[in-house]
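Data block below; observations after.
The values are calculated or read from the model by the stated rules, or taken from the named source; none is laboratory data. Computed from a predicted model, the values in this text were never measured in an experiment. Cβ atoms come from the backbone with ideal geometry, glycine included; neighbour counts cover every protein chain shown.
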Amino acid sequence: MAVKKKAKSGRPAESKAESKAAAKLRAASDDLRADARRNRDRLIEAAAPAFAEHGTKASLEDIARQAGVGIGTLYRHFPTREHLVEVVYGREVEQLIDAADELIKREAPDVALEQWMLRFVAYIAAKRGMAESLKTLYASNSALFAKASGAVPQTLQRLVGAAAEAGLIRQDIQSADLLQALSGLYSAPDTPDWRDRSRRLVGLLMDGLRTVPKKR
């Protein structure tokens with residue numbers, strides 16, 4: 001008696017086709033997300049120097065242009081100027097803190113301290129430019145500033161401690177005194193040469209701290 005062969009079902013083939021289609025959709029979605037992340041990162045990267053140079057007058061259209069995206073893309077990521085300021089400020093704090101680890105790895109302790117203080121000047125420049133928006137944010141998001149008020153002093157203390165332990169700066173210096181001197185830059189007159197004067201101040205501070213004069 002002949003055995004009838006079962007007709008092959010079309011489902012396996014359909015299932016494979018559906019899997020391929022789903023994989024393509026996932027890949028396309030991942031590409032879109034990656035592209036969106038890149039656009040967001042470029043906007044943040046362009047915004048920091050714009051705020052530092054132009055303050056609240058910084059044009060969002062110019063920031064978008066510098067990032068290579070349209071103004072619509074900027075507003076999709078950051079609906080208001082305050083949203084952008086919040087993210088930029090958070091990134092500036094993180095980069096300032098993270099810079100200490102990199103500097104400690106590759107520089108002598110006193111040089112690491114000096115280079116970090118110069119980065120602190122850049123951080124203050126950006127913060128001054130965002131001052132008005134930061135005041136608004138402080139009332140609604142105090143957690144945004146908690147990290148800076150805790151981690152930044154601790155980071156400076158670590159750098160000062162390493163340089164003092166190595167005998168490269170005075171032993172009697174307290175990082176809180178140094179931070180007070182640096183923080184005074186925030187309220188200094190906003191003149192065209194503010195950044196140059198601030199960098200010179202860092203040099204003066206280090207000249208007073210070093211136990212051995214820096215080779216010029």
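From the list ALA46, ALA21, the lone residue that is in a helix (DSSP H, G or I), at pLDDT 85 or above and small (Gly, Ala, Ser) is ALA46.
Rundown of residues vs (1) under 12 Å from ALA46 (Cβ atoms); (2) surrounded by 14 or more Cβ atoms within 10 Å (Cβ to Cβ); (3) of a type outside the set (Phe, Trp, Tyr), yes/no style:
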{"residue": "LEU74", "(1), (2), (3)": "yes, yes, yes"}
{"residue": "PRO79", "(1), (2), (3)": "no, no, yes"}
{"residue": "ILE97", "(1), (2), (3)": "no, yes, yes"}
{"residue": "VAL121", "(1), (2), (3)": "no, yes, yes"}
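Does GLY68 satisfy being on the phi > 0 side of the Ramachandran plot and either more than 16 Å from the chain's Cα centre (by Cα) or not assigned by TED's automatic domain parsing to the domain that holds ILE169 (or both)?
Yes, satisfied.
Within the range 134-161, the set of residues being within 17 Å of the chain's Cα centre (by Cα), farther than 16 Å from LEU179 by Cα and surrounded by 15 or more Cβ atoms within 10 Å (Cβ to Cβ) comprises LEU134, LEU144, PHE145. Condition check for ARG195 on (1) in a helix (DSSP H, G or I); (2) over 15 Å from ALA122 (Cα atoms): one failure, at (2). Looking across the range 154-192 at every residue that is in a loop (DSSP other than H, G, I, E, B) and hydrophobic (A, V, I, L, M, F, W, C), the one that is nearest to LEU113 (Cα to Cα) is identified as LEU168. Starting from the range 124-147, keep only residues that are part of a helix (DSSP H, G or I), then list their pairs with residues that are of a type in the set (Ser, Thr, Tyr) whose Cβ atoms are within a distance under 6 Å, requiring at least 6 positions of separation or different chains. Qualifying pairs under 6 Å: ILE124/TYR186; GLU132/THR56.
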